[in-house]
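What follows is calculated from the coordinates using simple rules that are stated; it is not laboratory data. What you see is a predicted model; the values in this text were computed from it and never measured. Positions of Cβ are backbone-derived with ideal geometry, glycine not excepted, and every protein chain shown enters the neighbour counts.
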Amino acid sequence: MITLDTKKKRIEYAIGIDLGGTYIKSAIVDSNGKIIKYFKTDTFSEISPKKVLSQMELCVNTLMNGFGKKISGIGIGAPGIVTNGVMKYPPNFKGWKEVNLASHFRKRYKIESIADNDANCAGLAELKFGHGPKFSNFIFLTLGTGIGGAMVINGKIYRGEQNGAGEFGMMTIKYDGPECLGGNRGSVEAHLGRNYFLYQNKNEIKKLGKNIDFADINVFANKGNKTAKKLLNLYGFYLGVGITNYFNLMDVRTAVLGGGISNAYTHFIKETNKTIKQRSIKTIRNKFRVLRSKIHNDAGVLGAAALIFE
């Protein structure tokens with residue numbers, strides 16, 4: 001059995017595939033979490049499942065070409081619900097119903113293949129190669145277009161009965177608030193998801209200029225712009241409300257933040273911590289931590305590969 005305990009076992013290698021709606025990121029990763037070889041290509045999710053699978057195979061073939069060492073398996077992080085290797089009805093993938101990714105690659109390459117939800121994979125990367133070794137219990141949040149994540153309990157990813165645990169974005173924080181694509185009014189995602197936040201605060205954002213994205217707000221804040229700082233304080237407040245709910249529910253005291261929006265961490269974290277202190281139960285407010293991920297953009301491929309090492 002493959003293990004991450006490299007003191008007793010020789011270094012192993014696995015391929016990690018991070019399947020996104022626009023791009024596929026892939027890499028050969030060793031069991032210490034080091035990326036040995038990297039390849040990125042278009043997904044073509046708007047065409048067909050067959051085309052997406054061929055692009056994923058392009059990744060595997062490119063990585064394997066010229067790599068002289070044994071590949072122990074292929075790990076795949078995929079959007080949406082993934083149960084027993086089957087990717088089910090992913091958003092923004094044309095013609096896709098249910099496809100058994102694990103079985104497809106196992107048969108195609110004759111090696112172990114495992115597929116899981118992409119947020120679970122990112123959480124697994126943090127657990128194995130990031131802050132995780134210090135903490136047995138924590139939540140991992142991906143802050144981006146949507147709000148997803150993973151739950152780590154007693155040093156293991158908790159996946160839930162149908163492998164759908166960690167849908168942090170669907171928790172309600174304002175019962176009559178704006179609706180998200182998941183159909184839940186006033187959800188965390190409806191307040192913190194990139195596009196939702198930009199739309200709901202468009203009047204303030206107009207003060208910064210035209211075609212402003214979240215990354216631009218961060219740039220303005222770095223320059224001391226008051227409007228940008230105000231917007232990120234608001235983001236930090238809503239994030240604090242959401243994290244308070246998760247902490248109170250799970251009795252954990254550590255949250256790790258990943259995803260593109262976490263790049264603005266220094267601008268929103270003060271308000272986030274302030275809100276948690278005000279709203280959480282006393283046993284939590286006296287000792288908690290909200291950290292930024294150490295892994296950042298590589299979490300998807302590292303976590304996918306870690307499925308093989310897990």
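Key figures
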| read-out | value |
| --- | --- |
| Spread of Cα-to-Cα distances over 5 Å intervals beginning at zero, given as percent, for the stretch 1-103 | 2, 13, 22, 22, 17, 12, 8, 3, 1, 0 |
| Cleavage-rule hits (trypsin sites (Lys or Arg not before Pro)) in the stretch 104-136: DSSP loop, at most 16 neighbouring Cβ within 10 angstrom | K110 |
| Whole-Hz ³J(HN,Hα) from phi, Karplus 6.51 cos²θ - 1.76 cosθ + 1.60, for the stretch 87-103, glycine and proline x | 8, 10, 6, x, x, 6, 10, 5, x, 9, 10, 9, 10, 7, 5, 4, 5 |
| Loop-located trypsin sites (Lys or Arg not before Pro) in the stretch 167-221, at most 16 other Cβ atoms within 10 Å (DSSP) | K174, K210 |
| Net charge of Cβ neighbours under 14 Å - reference N203; Lys, Arg +1; Asp, Glu -1 | +4 |
| When the stretch 164-310 is reduced to its Cα atoms, the Kirkwood hydrodynamic radius in Å | 16.3 |
| Karplus 3J(HN,Hα) series, Hz, for the stretch 143-155 with 6.51 cos²θ - 1.76 cosθ + 1.60 (x for Gly, Pro) | 9, x, 4, x, 10, x, x, 9, 10, 10, 10, 6, x |
| Neighbour-count order for H191, H267, fewest beta carbons within 10 angstrom listed first | H267, H191 |
| Selected from E271, E126, E189 as most flexible by GNM, with the chain as the system and alpha-carbon contacts under 10 Å | E271 |
| The chain, dipole about Cα centre (Lys/Arg Cβ +1, Asp/Glu Cβ -1), debye to the nearest 20 | 880 |
| GNM flexibility winner over the chain from V219, V290, V86 (Cα, springs under 10 Å) | V219 |
| Inverse mean reciprocal Cα-Cα distance (Kirkwood Rh) of the chain, Å | 20.1 |
| Crossing angle, helix 49-64 versus the chain [Cα axis fit, 0-90 degrees, rounded to tens] | 70 |
| Debye-sum result for the stretch 134-220 in log10 I(q)/I(0), which assumes one identical scatterer on each alpha carbon, at q = 0.25 Å⁻¹ | -1.14 |
| Estimated vicinal HN-Hα couplings, Hz - the stretch 281-288 in sequence order (Karplus 6.51, -1.76, 1.60; Gly, Pro = x) | 5, 4, 5, 8, 4, 7, 7, 8 |
| GNM flexibility winner over the chain from Y238, Y196, Y175 (Cα, springs under 10 Å) | Y175 |
| Within the chain, helix-based [θ] at 222 nm, where runs of 4 or more DSSP H residues each add -39,500 (n - 2.57), nearest 500 | -11500 deg cm²/dmol |
